[in-house]
1. When only residues in region 36-52 that are closer than 14 Å to R291 by Cβ and touching a residue at least 60 places away in the same chain (Cβ under 8 Å) count, which is surrounded by the fewest Cβ atoms within 10 Å (Cβ to Cβ)?
2. Any residue in region 1-18 that's among the aliphatic types (A, V, I, L, M): show its pairings with residues that are within 10 Å of ligand 1 (Cβ to nearest atom) and part of a strand (DSSP E or B) at Cβ separation under 7 Å, as long as the two are six or more apart or on different chains.
3. Tell me, which helices (runs of 4 or more DSSP H) wholly within region 104-215 include 3 or more residues that are modelled with pLDDT of 95 or more, of a type in the set (A, V, I, L, M) and buried (at least 17 other Cβ atoms within 10 Å of the Cβ)?
4. Output the number of residues of region 1-13 satisfying the condition of being within 10 Å of ligand 1 (Cβ to nearest atom) and closer than 18 Å to A32 by Cα.
5. Would region 62-71 turn up any residue that is among the β-branched types (V, I, T), in contact with a helix residue (DSSP H, G or I) (Cβ under 7 Å, 6 or more places away or on another chain) and in a loop (DSSP other than H, G, I, E, B)?
6. Hey, among L177, L221, which residue is touching a strand residue (DSSP E or B) at 6+ places or on another chain (Cβ under 7 Å) and either within 30 Å of D101 (Cα to Cα) or touching a residue at least 60 places away in the same chain (Cβ under 8 Å) (or both)?
7. Can you tell me how many residues within region 1-26 are surrounded by 17 or more Cβ atoms within 10 Å (Cβ to Cβ), within 16 Å of ligand 2 (Cβ to nearest atom) and of a type outside the set (S, T, N, Q)?
Amino acid sequence: MTARLQCLSHTPLVGHVDPAQDVLHEVRQTIAEARDWIATFDPELVVLFSPDHFNGFFYDTMPPFCIGMQAHAIGDFGTPAGPLNVPQELARDCVQALLEDGVDVAMSYTMQVDHGFSQPLDELLGAIDARPVIPVFINAVAAPLPTFARARVLGEAIGRFARSLNRRVLFVGSGGLSHQPPVPELATANEHIRDRLLGSGRNLPPAEREARQQRVIHAALRFIEDQHSLHPLNPQWDRHFMELLSQGRFAELDALRNDEVSRLAGRSTHEVKTWVAAFAALSSFGAYETRAPYYRPIPEWIAGFGAIGAQTQTGVAVA
Ligand SMILES: O=C(O)CCC(=O)/C=C/C=C(\O)C(=O)O
Ligand SMILES: [Fe+2]
């Protein structure tokens, strides 16, 4: 039984608003190196933890966590569209195992996902259907949000299930770190946006989809000029968070308060619960060591942008 982990920030802005060539090169190198490391491992199963951005999950029924038995990517911001390669029986077994393990999760046979899922699959594995993947949604934008502690509990339980499979498993956490792109909030939405957040946004007319994307692109262009036009990035918080994960300090991660994290690092920072869940899943295989940490605040992508890999300490079998 072996497991590896790769966490990686995502951004829909790549290719739309990009940083300077040297920064872009550095990020591409980081991703290429992670991709090679994963290819060497040759995972038989990928468990991908990702948020959504009101593209697949809405306030009509918003679960804190949801596992897909089938999933398709919408291809927002030019990311790949189409079905993910979900091993349906295994995904079902995973839900069953979680429920029996005391962790209640939702499930979906028609899961709609956005760049949060498709970007890391494409970048780390080469295509969104390259490997069997169990998609695990974590609500990171639709308040009220699940806690850091529950993300850890979910991850640990998924790790226990994965361990029972006797396969090479890769855990992926998608999103984060500090950032607050212009994702709408129910509390402040006008009537039209409110209607979209309640569910009518599931299949946006193309013109509205385009206008929505342009709004994010314009916000990024403005943020480059004025880093107080949105919640500022917080490199200090980001580095501290990565350290907590590297050192397996789960009690301190559990203690992170949602409102405090929003205040310090921005509302979309809750995407890092995907990293917590992925690390917790890996921890169910035993002690781990991290590798190739990368961090840089990238205003062009409205993101504290990070990546980190990890594997069980021997890198081989865990009894
Ligand atoms: O346009 C909207 O309503 C939502 C904007 C959006 O989808 C932004 C997403 C940004 C990220 O995924 C990110 O920076 O993590
Ligand atoms: Fe995101």
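1. Of the residues in region 36-52, the ones closer than 14 Å to R291 by Cβ are 36-38, 40-41.
When the remaining residues are screened for being touching a residue at least 60 places away in the same chain (Cβ under 8 Å), the result is 37-38, 41.
Details: W37: 16, I38: 20, F41: 18.
The extreme case among them is W37.
2. Matching pairs, first to second residue: L8/S174.
3. Here the list reads 115-125, 148-163.
4. We begin by selecting, within region 1-13, every residue within 10 Å of ligand 1 (Cβ to nearest atom); these are 9-13.
Next cut, closer than 18 Å to A32 by Cα only: 9-11.
Of the residues in that region, 3 qualify.
5. no
6. Just one listed residue meets the conditions, L177.
7. First pass over region 1-26, keeping only residues surrounded by 17 or more Cβ atoms within 10 Å (Cβ to Cβ): 1-14, 16-17, 19.
Now restrict to residues that are within 16 Å of ligand 2 (Cβ to nearest atom): 7-14, 16-17.
Filter once more, keeping what is of a type outside the set (S, T, N, Q): 7-8, 10, 12-14, 16-17.
Qualifying residue count for the region: 8.
The rows are residues; the columns are (1) under 19 Å from H10 (Cβ atoms); (2) modelled with pLDDT of 95 or more; (3) among the hydroxyl-bearing types (S, T, Y).
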{"site": "A219", "(1), (2), (3)": "yes, yes, no"}
{"site": "H228", "(1), (2), (3)": "no, yes, no"}
{"site": "N234", "(1), (2), (3)": "yes, yes, no"}
{"site": "F241", "(1), (2), (3)": "yes, yes, no"}
{"site": "S246", "(1), (2), (3)": "no, yes, yes"}
{"site": "G266", "(1), (2), (3)": "yes, yes, no"}
{"site": "T269", "(1), (2), (3)": "yes, yes, yes"}
{"site": "K273", "(1), (2), (3)": "yes, yes, no"}
{"site": "A280", "(1), (2), (3)": "no, yes, no"}
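The values are calculated or read from the model by the stated rules, or taken from the named source; none is laboratory data. Just so it is clear, the structure is predicted and the values come from calculations on it, not from any experiment. Note: ideal-geometry Cβ built from the backbone for every residue, glycine included; neighbour counts use all protein chains shown.
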